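Below is one structure, written out as structure tokens; comments come after it.
The values are calculated or read from the model by the stated rules, or taken from the named source; none is laboratory data. Note that the structure is predicted; figures quoted are calculated from it, not measured. Methodologically, a virtual Cβ is constructed for each residue, glycine included, from the backbone with ideal geometry; neighbour enumeration extends over all protein chains shown.
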Amino acid sequence: MQPLNKRFPEGFLWGGATAANQLEGGYNEGGKGLSTADVITAGTHTTPRKITPVLEQGMNYPSHEAIDFYRHYKEDIRLFAEMGFKVFRMSMAWSRIFPNGDDAQPNEAGLKFYDDVFAELKKYNIEPLVTISHYEAPFHLAQKYNGWSDRRVADFYVNYCEVIFNRYKDVVKYWLTFNEINILTMPFGSFMAGAILPDGNTEFGHTAGAAEDEALRYQALHHQFLASARAVKLGHSIHPDFKIGCMIAYMCSYPLTCNPEDIILAQQKDNLTNFLCSDVQVRGAYPGFAKRYFADKGIEIAMGEQDEQILQEGRVDFYTCSYYSSTCVSADPEQEKIGGNLSMGLKNPYLKASAWEWQIDPKGLRWSLNNIYNRYQIPMMVVENGLGAVDTVEEDGTINDDYRIDYLRGHIAEMKEAVADGVELIGYTPWGCIDLVSAGTGEMKKRYGFIYVDKDNDGQGTLARSRKKSFGWYKQVIESNGEEL
Ligand code: BGP
């Protein structure tokens with residue numbers, strides 16, 4: 001027996017992750033149409049965001065300027081290169097390419113913008129990892145078709161894919177069809193992930209929670225599955241070397257106790273929230289527990305005759321997920337009062353939480369990676385992970401984000417353990433490698449970056465970039481391929 005080599009593999013893809021609507025700005029420049037993200041106002045941890053179909057004067061819509069990557073991309077990519085990035089996860093704004101989503105022709109200026117971004121990445125040998133749809137769609141598709149609830153939106157999406165696959169086939173190899181596709185199963189995902197307009201109540205994240213809403217979300221999800229599968233098949237026909245993956249918000253939920261009721265509940269939650277989508281995207285068919293759930297809830301998914309075949313023929317090449325925290329579940333409703341209720345589940349007495357109540361659990365990442373890999377045995381990437389925190393700029397301009405270093409160090413160490421366990425992990429792109437707008441709250445002060453951006457919650461600031469302490473630390477992590485943590 002060889003001694004165990006506890007190291008990240010050679011060629012491991014170290015980098016960082018972002019999304020267009022949280023980063024780019026230039027929301028109405030270069031012929032871009034309004035996207036669903038562009039009509040959501042800023043909020044805070046305690047005040048909800050609002051969806052305003054007609055833009056209101058004087059309102060702060062964080063996506064409109066974001067951190068203006070639109071104009072700063074050269075500077076930002078230079079900083080990523082300085083850290084030694086091998087890969088950069090970004091998304092494309094669909095409405096930059098098809099301003100309305102259902103246009104006959106793509107917008108050349110939008111395509112040109114990404115030509116320029118990819119050329120800049122190429123200069124530094126940074127591999128792009130492109131999310132085709134990250135929490136946005138052309139707003140027109142929401143207004144005219146009620147977003148993904150309409151099957152025709154899948155055709156528009158596939159058309160968009162065809163255009164970008166052909167345009168960028170020589171510069172982009174890694175693609176993700178939908179960001180955190182499983183978020184569409186949750187009430188707050190309707191508009192953000194599904195472009196489904198809220199009925200009456202325009203509070204971001206709000207749906208009536210009624211049974212028909214759930215059925216509509218699963219129908220919309222089915223349309224995204226079809227769109228994803230068709231994109232995979234099409235992508236492979238356009239370039240056989242394309243690697244096209246799924247992306248799941250992996251939510252690690254432990255049973256609160258060893259009561260078998262809690263164990264079953266945790267497993268059910270793992271199945272429904274984490275594995276339903278990846279089973280369809282990786283294995284090409286709905287799992288039995290999904291069919292049972294639909295039957296129990298009286299949900300009937302309208303399926304076309306070819307749909308099963310489409311799903312089967314469009315299986316992804318690799319699996320990716322976000323991982324931020326873990327929670328607990330209990331079959332005992334009293335536990336909510338006793339144990340403490342976090343926004344995402346029950347408190348774990350062994351863990352500390354971030355200022356936004358996200359529990360910090362590096363070991364949960366090792367557990368999750370093993371759990372996923374045991375099921376699929378295909379290459380995996382962690383494409384989001386990180387600590388959202390308030391940073392302080394010292395008088396001398398330094399930002400000493402040791403808490404962020406601690407968080408990432410712990411998670412990278414556990415990824416290394418997972419690699420030693422046999423998990424085929426090929427890359428890691430921590431979230432918000434440069435400070436950007438929070439997807440959940442619309443805030444700027446919830447920062448994840450190695451690079452600080454001078455902008456506050458009200459949208460004020462110079463947008464100047466500066467290196468945090470974690471910048472130098474991550475550079476050394478990449479240089480040493482994860483040996484120096
Ligand atoms: C994921 C999203 C990202 C992102 C991240 C952090 O769910 O894919 O877009 O922003 O979470 O969340 P937040 O920005 O709410 O802190």
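Restricting attention to the stretch 452-475, and to residues there that are crowded, with 21+ Cβ neighbours inside 10 Å and either within 23 Å of residue 41 (Cα to Cα) or within 16 Å of the ligand (Cβ to nearest atom) (or both), which single residue is farthest from the chain's Cα centre (by Cα)?
Restricting to residues being crowded, with 21+ Cβ neighbours inside 10 Å and either within 23 Å of residue 41 (Cα to Cα) or within 16 Å of the ligand (Cβ to nearest atom) (or both), the top hit is 455.
Would you check if residue 461 is assigned to a loop (DSSP other than H, G, I, E, B) and in contact with a strand residue (DSSP E or B) (Cβ under 8 Å, 6 or more places away or on another chain)?
So residue 461 passes the test.
Applying the selection to the stretch 46-89, what residues are at pLDDT below 95 and basic (Lys, Arg)?
49, 50
Please count how many residues of the stretch 248-294 are of a type in the set (A, V, I, L, M, F, W, C) and under 19 Å from residue 378 (Cβ atoms).
Residues meeting the conditions: 8.
Please work out if residue 254 is of a type in the set (Ser, Thr, Tyr) and without any contact (Cβ under 8 Å) to a residue 24 or more places away in the chain.
Taking the combined requirement at face value, the residue does not satisfy it.
Applying the selection to the stretch 420-434, what residues are within 11 Å of the ligand (Cβ to nearest atom) and either aliphatic (A, V, I, L, M) or in a loop (DSSP other than H, G, I, E, B) (or both)?
Matches in the stretch 420-434: 430, 432.
Scan the stretch 127-170 for residues that are under 20 Å from the mean Cα position of the chain (by Cα), assigned to a helix (DSSP H, G or I), within 21 Å of residue 107 (Cα to Cα) and aromatic (Phe, Trp, Tyr) and jot them down.
Residues satisfying the conditions are 139, 157, 160.
Taking the stretch 151-189 on its own, how many of its residues are within 15 Å of the ligand (Cβ to nearest atom), buried (at least 19 other Cβ atoms within 10 Å of the Cβ) and not β-branched (Val, Ile, Thr)?
Result for the stretch 151-189: 7.
Can we say residue 42 is in contact with a Pro (Cβ under 9 Å, 6 or more places away or on another chain), among the aliphatic types (A, V, I, L, M) and part of a loop (DSSP other than H, G, I, E, B)?
yes
Report, by residue number, each residue of the stretch 413-450 that is more than 25 Å from residue 175 (Cβ to Cβ) and hydrophobic (A, V, I, L, M, F, W, C).
Passing the criteria: 413, 420, 444.
Across the stretch 171-189, which residue is farthest from the chain's Cα centre (by Cα) among those that are over 19 Å from residue 280 (Cα atoms) and in contact (Cβ under 8 Å) with a residue 40 or more places away in the chain?
Among those residues, the one meeting the criterion is 171.
Touching a strand residue (DSSP E or B) at 6+ places or on another chain (Cβ under 9 Å), modelled with pLDDT of 95 or more and polar (S, T, N, Q): does that describe residue 400?
It is false that residue 400 is touching a strand residue (DSSP E or B) at 6+ places or on another chain (Cβ under 9 Å), modelled with pLDDT of 95 or more and polar (S, T, N, Q).
Mind listing whichever residues of the stretch 50-74 are part of a helix (DSSP H, G or I) and either polar (S, T, N, Q) or surrounded by fewer than 16 Cβ atoms within 10 Å (Cβ to Cβ) (or both)?
63, 71, 74
I'm told residue 446 meets every condition in (1) crowded, with 21+ Cβ neighbours inside 10 Å; (2) farther than 28 Å from residue 245 by Cβ; (3) of a type outside the set (Gly, Ala, Ser); (4) within 16 Å of the ligand (Cβ to nearest atom) except one. Can you identify the failing condition by its number?
Here residue 446 clears every test but (2).
Regarding residue 437, is this residue in a strand (DSSP E or B), within 30 Å of residue 244 (Cβ to Cβ) and within 16 Å of the ligand (Cβ to nearest atom)?
no
Can you pull out every residue in the stretch 284-301 that is in contact (Cβ under 8 Å) with a residue 40 or more places away in the chain and within 27 Å of the chain's Cα centre (by Cα)?
284, 294, 299, 301, listed by residue number.
Could you please find all residues in the stretch 1-34 being more than 14 Å from the ligand (Cβ to nearest atom) and within 14 Å of residue 96 (Cα to Cα)?
25, 26, 27, 28, 29, 30, 31, 32, 33, 34, listed by residue number.
Only one of 211, 229 is of a type in the set (Gly, Ala, Ser) and modelled with pLDDT under 95; which?
Answer to the check: 211.
Here are 421, 454: which of them is farther than 25 Å from residue 12 by Cα and either among the charged types (D, E, K, R) or touching a Gly at 6+ places or on another chain (Cβ under 8 Å) (or both)?
Answer to the selection: 454.
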